[in-house]
Amino acid sequence: MEIRLTKTHNDVKEGSCSSSRPGSFGRERHVPQVTPDRHQATAANLKLRQEIRTATWNVRTLLQTGKLDNIKGEMDRLKINILGLSEVRWKGAGKIASSKHEFIYSGGLESERGVGIVLDQNLRKTVKGYWALSDRVLLVKIAGKPLDLNIIQVYAPTTCSSEEDIENFYEELETAKKQSLTEAATQVIPSLEWKAKQKWMTNEMLEMMNERRKAKGKSEKYKLQHKKVQEECNRAKENWINNKCKDIDLHQKLDPKTM
């Protein structure tokens with residue numbers, strides 16, 4: 001995959017363990033509250049040969065009128081395509097689309113922490129979906145060929161944080177990485193092999209499908225058998241993908257140059 005990522009750094013200093021909580025002004029008029037979850041949408045494909053400029057910025061807070069517009073302006077001035085934000089301090093999760101940008105954010109129940117990703121006019125059209133894991137971890141998926149691009153924005157806890165907070169953060173990060181790896185595995189596997197051979201299917205599943213075929217026309221029996229087939233297919237497919245992911249992970253550990 002020929003993609004060049006150019007990362008720019010900001011001069012914002014790291015914060016201390018104590019935190020001040022600014023007042024909440026101007027935020028509610030932008031977007032309604034939604035529950036953190038995984039969201040999908042149709043998208044165009046990213047041209048992976050183009051150069052993409054990325055940057056991260058600890059903005060301290062977006063709970064100020066006009067702060068998000070200022071960030072978008074700086075993003076345009078520096079010609080940044082993807083900008084990761086931390087300490088957004090917005091509640092809930094969601095996205096705000098404008099004519100030139102799209103802002104996807106993930107927060108908690110309180111106006112603390114929070115992460116977000118701002119995409120420019122071209123990349124906003126390629127967003128396939130996002131997964132808001134917590135107020136510290138956000139995963140955004142961008143459509144591309146031959147592979148999609150998964151972006152994980154995090155706001156890591158400091159050494160002053162509790163052991164529970166630190167453990168939760170790394171668990172959420174591993175979940176995001178596993179989600180990215182799982183979807184990458186399904187793309188790496190040739191589609192012809194997936195459709196024609198379907199290696200995850202077992203003889204037991206074929207027998208269940210045959211029973212379902214015999215029950216066609218018998219409404220209740222067919223529904224019950226169809227449900228069993230779907231559950232078995234989903235379970236077998238998930239196990240097969242997980243095994244592929246383990247193989248990919250093992251290959252990367254044995255040959256770091258492939259990463």
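When segment 224-238 is examined, which residues are found to be farther than 14 Å from M205 by Cα and either loosely packed, with under 12 Cβ neighbours inside 10 Å or of a type in the set (F, W, Y) (or both)? Spell out how you get there, then give the answer.
Here is the first cut: in segment 224-238, the ones farther than 14 Å from M205 by Cα are 224, 238.
Residues satisfying the conditions do not exist here.
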State all residues of segment 157-181 that are in contact (Cβ under 8 Å) with a residue 60 or more places away in the chain, outside any loop (DSSP other than H, G, I, E, B) and surrounded by fewer than 16 Cβ atoms within 10 Å (Cβ to Cβ); if no residue qualifies, say none. K178
Of all residues in segment 95-111 being within 12 Å of S134 (Cα to Cα) and surrounded by 15 or more Cβ atoms within 10 Å (Cβ to Cβ), the one that is modelled with the lowest pLDDT: G108
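The values are calculated or read from the model by the stated rules, or taken from the named source; none is laboratory data. Computed from a prediction, not measured in an experiment: that's the story for all the values here. When we count neighbours, we look across all protein chains shown, and the Cβ atoms used for this are built from the backbone with ideal geometry, even at glycine.
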